[in-house]
Amino acid sequence: MPQISDVQHLPARSWLLRRRQLLFLARSSGGMRITRNALRQLAVLTPEQLNTPGSSLLCAYVRTEKGLRIAGFSLALNYGKDACIVIVRPLYRGRRLGARLLSAQLKQLRRLTCSVAADNMASLKTCFRAGLVAHEMTTGPTGKPTLIFHGELSQDKQTAEEGGMLCQNLS
């Protein structure tokens, strides 16, 4: 089972290596579904940007014979309004890892917005499984109909005592 952890506070040299790994993973495993703008934002991402409110980079790691390997990652900038990227290596797809990454983003940021092309069934399912709700349709950067998903966590007294969240998974 992949372990999800937050990527922050890396030394500059380690950050450059990690960013290069994530860019390679996005290009090789994104299936031509990741927009140029999203790739560009990942390419110029700095540790300072990750420290701004509403920004988060989560990686899912699996232990292999050669050590830890990135199975997937999720990047959210400005609560997902500027970028919401989820990439999972093909070997680890079908295990709901993308939904786990998005759920972890939502839990960490407390609110999240994602845009998904209407013909991208795998990503649509991932958003629904993570508890996000489609609330708007627009035309995306590639000219395709695009659903805008939104999720927000709130806590009332009862769930705070139980440590639970008011976010229902629709799948």
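The values are calculated or read from the model by the stated rules, or taken from the named source; none is laboratory data. Since this is a predicted model, take the numbers as computed values, not measurements. Here Cβ is always computed from backbone atoms with ideal geometry, including for glycine, and neighbour counts include all displayed protein chains. For the accessible areas, the whole protein counts, side chains as well, though only heavy atoms, and no ligand, DNA or RNA atoms are used. Shrake-Rupley method; radii C 1.70, N 1.55, O 1.52, S 1.80 Å.
Identification of helices (runs of 4 or more DSSP H) wholly contained in region 1-109 with 2 or more residues that are aromatic (Phe, Trp, Tyr) and either under 29 Å from Asp119 (Cβ atoms) or open to solvent by less than 70 Å² (accessible area, probe 1.4 Å) (or both) yields 12-29. In this structure, Leu124 does not satisfy being touching a strand residue (DSSP E or B) at 6+ places or on another chain (Cβ under 8 Å) and at pLDDT below 95.
Taking residues in region 54-66 that are of a type in the set (Gly, Ala, Ser), and partners anywhere that are assigned to a strand (DSSP E or B) and open to solvent by 20 Å² or more (accessible area, probe 1.4 Å), the pairs with Cβ atoms closer than 6 Å and at least 6 places apart or on different chains are Ala60/Ile4.
Residue count for region 139-155 satisfying the condition of being among the β-branched types (Val, Ile, Thr) and assigned to a loop (DSSP other than H, G, I, E, B): 1.
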